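To start, the structure itself, in C-alpha cells.
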Amino acid sequence: MSEGKVKEVTLPVAGMSCAACVNKVEKALEGLKGVASARVNLAAAKAGVEYDPAACSLADMEQAIAGVGYEVPWDRIELLVLGMMGTHCQQNIERAVGALDGVARVQVNLGTDTVTVDYTASLISAAQIRKVIRDLGYQVSDKAEGEASLDRERQARQQEIRRQLVNLLIAAPLGLLVMAGTFRDYWVLHTFIPSFLGNKYVLWGLATPVVLGPGRQFFVNSFNGLRRGVTDMNLLYATGIGAAYFIAVINTFWPNAGFGGEKATFYESAALLTTFIVLGRYLEAVTRGRTSEAIRKLMKLQPKRARVLRDGEELDVLADEVQVGDICLVRPGESIPVDGVVSEGYSAVDESMISGESLPVEKRAGDEVIGGTINKTGAFRFRATRVGKETALAQIIKLVENAQATKAPIQRLSDTVARHFILGVHMLALGVFLFWFFGGFNWWFDPNSHFILSPWELSGLQVFGFSLLLSVTVLVISCPCAVGLATPSAIMAGSGLGAQNGILFKGADAMEATAKLQTVIFDKTGTLTRGEPSVTEVVSLDGRQDEVLRLAAIAEKNSEHPLGEAIVRAAQERGLAVPDAEEFAAIPGHGVEARHNGSLILLGNRRLMAQRQVALGPLLTEAERLEQDGKTAMFVAAGDQARGVVAVADTLKDSSARAVQELHRLGLEVAMITGDNRRTAQAIARQVGIDRVLAEVLPEDKAAEVRKLQEQGRRVAMVGDGINDAPALAQADVGLAIGSGTDVAKETGHVILVKDDLLDVVGAIQIARFTMRKVRQNLAWAFGYNTAAIPLGAGILYPFFAQVVSPELAAFLMAISSLSVTLNAMSMRGFRPPIRRGGRPAEVARQEARGIGQPVEELR
Amino acid sequence: MDQQRATYVSALVYTAVSLLGSVAFLAATTLRGDYNWVARLGGAGWVFLLLMIILMPTVTPWVKKRLGGRQG
C-alpha cells in the first residue's frame, strides 16, 4: 500500500438493507489487495474507499461488491461518437477512456457509433470523458439529451422498489390465501372460505411459490455471504423461512414423522414471514430515498444548458462544456449555468438554494454569481470563472455527499452491535432451542396454548416442533435493521437540512461534535466585527460635528492609513464636501497636518496637540471616555484651536449581539480571541455580552489558546475565517469557517458557513442538536425494540400466560421497527433552525435600541 | 493457493465442530429424557445448522488470519 499513491473514491452501492450489509460490503472491499480502508453508509447507499489505483481497480471493487450480493449503479454516459472507422478506433477509445481515473467500464458500439461509459462522478466528470474522446479526433455529442445526467442511484433505488413490489404482489395475495386456508376451521370462517383452501396440499402449492419466488433472495444472499465468511440479515430470514417451510413440508407429506403432524403445517408462517419481510424491504426502499431529498434537490439545481457568446455568436451548449472565460448570457427566470462575475447588466438573483438567504441579491457589473441560482428580474452577461466540478454548487454537493458517507462516532456503537448481532442471535436461537427442548417444554407446555393475536392452538406440536418454533421466532424478531438505520438516516437528513440553510457539515463527526459544544470562541476582527474601522462618534466643542468631520477628512484625504480612509468615507457618506489640502504631511506616531485655505489643520493624538501647544480642555475627558470603550480618539485642531474629537473603531456586525445572546440561550459559553489590547477587547466584549476575553493573542498563538480551553475539559468551537484562522479552526473540536462564499472547497474547518452571518453559527448548533436528538430517539427505539422483542420471541411470556409470538407476527414487528426509524428521520424534513424562523427576541430588540452592537454615531 | 488452503482448513474445522456439537446433542437426548428419534435427529440437524452458521463466519477469518500471519 505504501508504495502507491492512495486515492479516495465514493462508490454507489445498491441493495443494502441493514447494518450487517454494511459490514459485509466493508469486509469485501477491505479484503481486496490495495484497499486501505472502506466505510459504507447505509442510508446514503455509498461506499467511500481509500485505495491504491496501481493495485486495485474500480472493476475489482465492483466485483467484490457483486460477490457479496450487491450492485454498483455507476454513473453512465452514452455518447454519439462520429468518425470511428474500425476496431483500432474502438480500441483507442477504450484504452484512452478506460485509463482515466474513475472510469469503470467503456463499451464502444461501432454499429451505432455509440460509446457507453460507466464511471463515478466522484473522480471524473462527463465533460472530461467527452474531452478525451474529442482530443482523439472524434466528434462527440450526447446520444440522447438528458440521458447522461440520469440519476443512476435513483434508478437503482427505483429498480429495488419495483423488484420488491413485484415480490410483494406475489407474496401478499398468496400469503393471505394460505392464511385463510390455515384458519378456515376457526370462528365463522368456514362459512365463506371454500374447503379446498384448507387442504394441506393446496396450502403447500400456494406457499411454495412464495418461499421459492420472493423468498429466494434471502437464501441466495445469505449463501453468498456465508461462502465469504460473513453473515447478514438475510441469514436470519432464510433460516426462519426455511425452518418453517421445512417442518410444514415434512408434516404434509410425512405426518407421522413426529414434527407435530398435520396440525402443525406452518405454511402460513413461511408465507406471511416472507410477505412481511418483503413488505418491510419495500417500505424501506420507498422511504429511505426520501431522507436524501435535500441532496437530490441540490443536484437538480445543476443547470443542463448554457448560452455562451463565442466569436460574437450566441451558442447553446451543455452547461458542463462552458469554459473559464466564456461570456454567458442569462435572461430573467433562467438558471445561472456556472460561477462567474457579472460583466454587463443588472438583476436580482435568488441565491436561497445555496446560501439560505431568502431575499434576492442584487447583481451588477463586478459582482459574483453562483451557478445553479436563479436570475429573477433583469438580463445580464457574466464571465465564467469556475466551471464543471469547480463550481460552488458542485463543491457543495460533493461536500454534503462526503459528509453523508461518513460515520458519526455514535454510530460505532450500533455498528459494533450490528456486527456481532447476527452471530449473537444465532447463538441465542441455539440457546432458546436447547432450553425449551431439554427443560421448558416439559415444565410449561400447554396443548391449549396460543400464538399471540392468533386463534391457532399449539396442541399439534411436540417437543422438537415447539422448541424449533421459538428458536425460529427469535431469529426473525431480532433483526437489527433499525439499529443500522438509526444513525445514518438522521445524519443524512441533517446534512441536507444544513446545506439548505447554507451550513455545510464536512462529516457526521462534525455534526455530532457541534451538538456537544460547550464553548464557542469567536475571532474578533472580521468575524464579530466588520474588520474595517469606521467613524463611530464625532464630538465637537461648538456642536458643529459635521465641520469637525470635514476638517479631519480634508487632513486625511491623501492618507492611505485605514483610520484616515474611514474618516474620509464617513464624511463622504454624510455628503460633506472634502476638498484637497494644499499641503499634507504625516507625522509618524503622532498624526497628520494639512493646510487648507491658508489655515493649518492638525489631526492626531495628545502628543501632537501638546507639541503644537493646542489646549484640549474638556475634549480630554471625552477622549478618555471614548478610549474606555475601545475606540481610537483623534483630536482635531484648526488655526491652533482645538475643535473636536473623532472616534474610530472597528464596528460590530449587525448579527453579533443576537448571535452571542442566542448562544447563551443554548447554554454555551462565548469567548472572543483577538490580538488587540485588553482594554479594546474588553470594550467590544461588553457590547455583545461575551463571557471570556482572550486578548493580545498573536495569530500564531490562537491554536494554543484553543488547546488551553480544551485542556480544561471543554468542547470548543472556533469561529473564524477559514484562511487566517486555519490552525485554530483545525485545533478546535469544531472549526466553523464563516463567510466562505462560494469557494467552499478551500476552506479549513469542520463546518462551512456560506454566508457571512453569525446567526448561522447558532443555526449550525441548532441543526446539529436537532439531528443528534433524532439519532438518539432512533437508537433508543431500535435498541428498545430489540431488547423488548427478543425475550418475547424466546417465549418469556409462555410460563405465565401460555402465549408465544408467531414467526409472522415477529416479522411484522421487525418491519414496523425499521419503518418507524426511517419515518422519524423523514420527519426532519421541513425543519428550520429556530434562529431562522423569523421574529427577533424582545430582549435583543431592547439591546439594539440601547445601542449594543451598533456604531454609536448612527444612533445619535 | 494460501486462500484455498485457508478455505479448506476452515471448512474442516467448522464442519467438524458442528458435527461434534450435534453428536453431543444426540448423546444428551439419549442420556436424558424420553425423546423419539424424530426429535433427536431433527434437533441434532437444527443444532448442526445453527452451529455451522455461527462457526462459518467466525472460523473462516480466524483461520485465514492465522495462516496468513504464519507465512507473512
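Data overview
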| read-out | value |
| --- | --- |
| Which numbered condition residue A:637 fails, given (1) in contact (Cβ under 8 Å) with a residue 60 or more places away in the chain; (2) assigned to a strand (DSSP E or B) | (1) |
| Among residues of the stretch A:242-254, those that are aromatic (Phe, Trp, Tyr) and within 13 Å of chain B (Cβ to nearest Cβ), counted | 2 |
| Top-ranked residue of the stretch A:163-202 - restricted to ones that are β-branched (Val, Ile, Thr) and surrounded by 13 or more Cβ atoms within 10 Å (Cβ to Cβ), ranked as farthest from residue A:216 (Cα to Cα) | A:193 |
| Lone unmet requirement of (1) within 14 Å of chain B (Cβ to nearest Cβ); (2) closer than 30 Å to residue A:372 by Cβ for residue A:495 | (1) |
| Of residues in the stretch A:655-674 being β-branched (Val, Ile, Thr) and farther than 18 Å from residue A:730 by Cα, the one surrounded by the most Cβ atoms within 10 Å (Cβ to Cβ) | A:660 |
| When residues of the stretch A:300-325 are limited to those that are under 32 Å from the mean Cα position of the chain (by Cα) and of a type in the set (Asp, Glu), the one surrounded by the most Cβ atoms within 10 Å (Cβ to Cβ) | A:320 |
| Near pairs, Cβ below 7 angstrom, 6+ apart or cross-chain, from the stretch A:562-577 (surrounded by 12 or more Cβ atoms within 10 Å (Cβ to Cβ)) to any residue that is basic (Lys, Arg) | A:568/A:557; A:571/A:550; A:576/A:550 |
| Candidate set: the stretch A:209-241, residues that are at the interface with chain B (Cβ under 9 Å from one of its Cβ atoms) and more than 35 Å from the chain's Cα centre (by Cα); chosen: the one modelled with the highest pLDDT | A:239 |
| Residue in the stretch A:560-576 that is farthest from residue A:647 (Cα to Cα), counting only those that are part of a loop (DSSP other than H, G, I, E, B) and touching an Asp or Glu at 6+ places or on another chain (Cβ under 7 Å) | A:576 |
| One residue from A:5, A:27 being at pLDDT below 75 and basic (Lys, Arg) | A:5 |
| Residues within the stretch A:817-836 that are without any contact (Cβ under 8 Å) to a residue 60 or more places away in the chain and either within 17 Å of residue A:482 (Cβ to Cβ) or buried (at least 21 other Cβ atoms within 10 Å of the Cβ) (or both), tallied | 1 |
| The one condition in (1) over 21 Å from residue A:536 (Cα atoms); (2) not in a helix (DSSP H, G or I) that residue A:704 fails to fulfil | (2) |
| Tally, over the stretch A:498-514, of residues that are crowded, with 24+ Cβ neighbours inside 10 Å and touching a helix residue (DSSP H, G or I) at 6+ places or on another chain (Cβ under 7 Å) | 10 |
| Residue pairs meeting the criteria (Cβ under 9 Å; at least 6 apart or on separate chains; first among the polar types (S, T, N, Q), in the stretch A:316-337; second modelled with pLDDT of 90 or more and crowded, with 19+ Cβ neighbours inside 10 Å) | A:323/A:308; A:323/A:384 |
| Residues located in the stretch A:675-713, provided they are modelled with pLDDT of 85 or more, of a type outside the set (A, V, I, L, M, F, W, C) and buried (at least 17 other Cβ atoms within 10 Å of the Cβ) | A:682, A:687, A:702, A:705 |
| Residue ID - nearest to residue A:276 (Cα to Cα), chosen from residues in the stretch A:166-189 that are at pLDDT below 75 and out of contact with any helix residue (DSSP H, G or I) (no Cβ under 8 Å at 6 or more places or on another chain) | A:186 |
| Evaluation of residue A:609 against (1) farther than 20 Å from residue A:719 by Cα; (2) touching a Lys or Arg at 6+ places or on another chain (Cβ under 9 Å); (3) aliphatic (A, V, I, L, M); (4) not in a strand (DSSP E or B) (one fails), failing number | (2) |
| Matching option when the condition is within 20 Å of the chain's Cα centre (by Cα), among the small types (Gly, Ala, Ser) and modelled with pLDDT of 90 or more, among A:745, A:764, A:737 | A:764 |
| Boolean, residue B:25 is facing chain A (nearest Cβ under 9 Å) and either surrounded by 14 or more Cβ atoms within 10 Å (Cβ to Cβ) or not aromatic (Phe, Trp, Tyr) (or both) | yes |
| Entirely in the stretch A:490-550, the strands (runs of 3 or more DSSP E) that have 3 or more residues that are under 22 Å from residue A:353 (Cβ atoms) | A:503-505 |
| Of the criteria (1) at the interface with another protein chain (Cβ under 9 Å from one of its Cβ atoms); (2) of a type in the set (Phe, Trp, Tyr); (3) without any contact (Cβ under 8 Å) to a residue 24 or more places away in the chain, which one residue A:445 fails | (1) |
| Residue list for the stretch B:33-69, restricted to those being at the interface with chain A (Cβ under 8 Å from one of its Cβ atoms) and outside any helix (DSSP H, G or I) | B:33, B:35, B:36 |
| Pick from the stretch A:420-431, criterion crowded, with 24+ Cβ neighbours inside 10 Å and aliphatic (A, V, I, L, M), ranking: nearest to the other protein chains (Cβ to nearest Cβ) | A:429 |
| Failed item in (1) over 23 Å from residue A:420 (Cα atoms); (2) within 11 Å of chain A (Cβ to nearest Cβ); (3) without any contact (Cβ under 8 Å) to a residue 12 or more places away in the chain, with residue B:30 passing the rest | (2) |
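The values are calculated or read from the model by the stated rules, or taken from the named source; none is laboratory data. For clarity, every value in this text was computed on a predicted model and none was experimentally measured. Cβ sites come from the backbone with ideal geometry, for glycine too, and all protein chains shown count toward neighbours.
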